[in-house]
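Engineer: One structure follows; several queries about it will come next.
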Amino acid sequence: MKMKKYNAPSIAEAMKLIRDDLGEDAVILNSKVVVTKKFLGLVKHKSFEVVAGVDQIEEKPILPSLQNVQPFSSSYLQEQESVLSTSNIPNVESIKAPQDEKSTLPEELKKEIADLKLIMQSMQRMSTKSQYPDELLPFVDFLKEQELGEELITAISDELFVHSKNSDAKLQNLEMQKMTQQILKQKMEDLPIDGLSYEKKYINVLGPTGVGKTTTIAKMAARAVLEKKKKIGFITTDTYRIAAIEQLKTYAGLLQAPVEIVYNANDYDEAIKKLDHLDLIFIDTAGRNYKEVKYVADLKVLINFDEDVESFLVLALTSKQKDLESVIEQFDNFSIEKFIFTKLDETNSIGTMFNLMIKYNKGLAYYTNGQEVPEDMEQANLDTLLELFFKENVNERSS
Ligand SMILES: Nc1nc2c(ncn2[C@@H]2O[C@H](COP(=O)(O)OP(=O)(O)OP(=O)(O)O)[C@@H](O)[C@H]2O)c(=O)[nH]1
Ligand SMILES: [Mg+2]
């Protein structure tokens, strides 16, 4: 058996090196994580060392004698070249049988081409799927269904792979869950994950149209009054729609709290003075298309973002991750420490929460799971979030 040692930053990359070097019949004999330290041990670099081997077999020519074979026409070759150049992994289905050579090709060669096509199809399947052992694949698929980001999935799968190679027993689902939770925990443990700090007087709630800003403010305000016995008030800058003001006034009425409506920066200063005697002031903002740069700039002029303000960006989990990323980037220069995710009850996959928090280094204050005020909201907690990730259905998640 021919044996070789490979070193790569991820298992996927190591597998590629092995396949390229030793071929598809190579087997993994051993693997381990290697941590190297640089700069007096301050910087740690992780890589994977994989030992692979392959039985050496006598090479036999695959194709029969090609003496009588006519070459393919240059137009056919050009056509196939353009198919291959459009993607890294060629789509085998798109490689057509040569039309004009049909009559001149010997039967034997036609059969060889058909066989080659089958081999390529199976290689294509292998290259996309089986870089991990079979026992890991359903779990990797689950992570994908949860819409966890590709980088996170690779990091998790690599660790599981190394663990499975180094243990005699088959990895059980529960064990894989625990390891995944541990990996995500390591990546998130420095993020601020909890509810309102109750240390700042002003609470700004920002975000795109219809995500649940006003409803979430009502939920937070109700809890501040009922659970923390705080004296609260509201300011709304959403003066574009009568219904929006009425919506906030209804909630304020139930909590017997004052509401100030603010049209410009002067009104804002007045409102602040009027509500100065209160413990907490919740500021509701207009839902506007976040792509309107002017709206985001106007917000900055109107609302105070000084040190006595806690600002939250509200994002609905029913939106596409790419769109949520644009929103986050649009609000980049507002000092937002924590997200609030809404409409968890309307989705089955919550990987997006983890992706965004890790990518943008932001914490989480609450996630909401329904329209009822104040009950349909959970204060964020890292361990609960990690448990939630593996709960099977939305009803359990909403409890
Ligand atoms: N299913 C579900 N619906 C929610 C949730 N939170 C809010 N909603 C609903 O979403 C709709 C919009 O909520 P609002 O609170 O008015 O949203 P908004 O961000 O203030 O909207 P604009 O002020 O128009 O930008 C309402 O019908 C809410 O009841 C939630 O967690 N789950
Ligand atoms: Mg609103």
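Engineer: Positive end of the dipole of region 202-398, charges at C-beta (+1 Lys, Arg; -1 Asp, Glu), about the Cα centre: which of 353, 316, 368 has its Cα farthest in that direction?
Structural biologist: Farthest towards the positive pole: 316.
Engineer: Shifting gears a bit: Could I have the simple spin-label model distance between residue 391 and residue 241, label points 7 Å from Cα toward Cβ, reported in nm to one decimal?
Structural biologist: 2.9 nm
Engineer: Stretched out fully, how many nm does the piece from residue 20 to residue 113 gain, at 0.36 nm a residue minus the Cα gap?
Structural biologist: Working: separation 93, 0.36 × 93 = 33.48 nm, distance 2.23 nm.
That works out to 31.2 nm of additional length.
Engineer: Once R0 is set to 35 Å, what does the formula 1/(1 + (r/R0)^6) return for the Cβ-Cβ distance between residue 135 and residue 254, expressed as a FRET efficiency to the nearest 0.05? List each step's numbers first, then the result.
Structural biologist: Working: r = 54 Å, r/R0 = 1.54.
It comes to 0.05.
Engineer: Suppose each label sits 7 Å from its Cα in the direction of the beta carbon; what would the residue 294-residue 175 distance come out to in nanometres?
Structural biologist: Label-label distance for residue 294 and residue 175, simple model: 6.2 nm.
Engineer: By how many nm would the segment from residue 27 to residue 201 grow when fully extended, if each residue of separation counts as 0.36 nm and the alpha-carbon distance is taken off?
Structural biologist: Working: separation 174, 0.36 × 174 = 62.64 nm, distance 6.20 nm.
Going from the current span to full extension adds 56.4 nm.
Engineer: Follow-up. Between residue 360 and residue 2, what's the calculated FRET efficiency when r is the beta-carbon distance and R0 is 45 Å? Round to 0.05. Show your work: numbers first, answer last.
Structural biologist: Values: r = 46 Å, r/R0 = 1.03.
About 0.45, to the nearest 0.05.
Engineer: Sorted by mean Cβ packing within 10 Å, highest first, what order do the peptides 168-174, 136-142 take? Before the final figure, lay out the partial values.
Structural biologist: Working: 168-174: 10.0, 136-142: 15.7.
Put in order of decreasing packing, that is 136-142, 168-174.
Engineer: Would you work out the charge dipole size for region 202-398 about its Cα centre, treating the Cβ of every Lys and Arg as +1 and the Cβ of every Asp and Glu as -1, and quote it to the nearest 20 debye? Write out the running numbers ahead of the final one.
Structural biologist: Details: 23 positive and 31 negative charges, 41 e Å.
Charge dipole, region 202-398, about its Cα centre: 200 debye, nearest 20.
Engineer: Grab the Cα-Cα distance for residue 269 and residue 145, subtract it from 0.36 nm times how many residues apart they are, and report the gain in nm with one decimal.
Structural biologist: Numbers: separation 124, 0.36 × 124 = 44.64 nm, distance 4.82 nm.
Gain on extension, residue 269 to residue 145, equals 39.8 nm.
Engineer: Next question, about the same structure. Beyond 26 Å, what share of the Cα-Cα pairs of region 202-398 remains, rounded to the nearest whole percent?
Structural biologist: Values: 5773 of 19306 pairs.
That tail contains 30 percent of the Cα-Cα pairs.
Engineer: Would you be so kind as to identify which of 286, 382, 204 lies farthest towards the positive end of the dipole of region 202-398, taking Lys and Arg as +1 and Asp and Glu as -1 on Cβ and the Cα centre as origin?
Structural biologist: Value computed over the given set: 286.
Engineer: Same structure again: Which FRET efficiency value, to the nearest 0.05, is calculated for residue 261 and residue 337 with the Förster distance at 22 angstrom and r the Cβ-Cβ distance?
Structural biologist: Details: r = 27 Å, r/R0 = 1.25.
Computed FRET efficiency for residue 261 and residue 337: 0.20.
Since every read-out is calculated from the coordinates, none of them should be taken as a lab result. Being a predicted model, the structure only gives us computed values, none of them experimental. Glycine also receives a Cβ, built like all others from the backbone with ideal geometry; neighbour counts cover every protein chain displayed.
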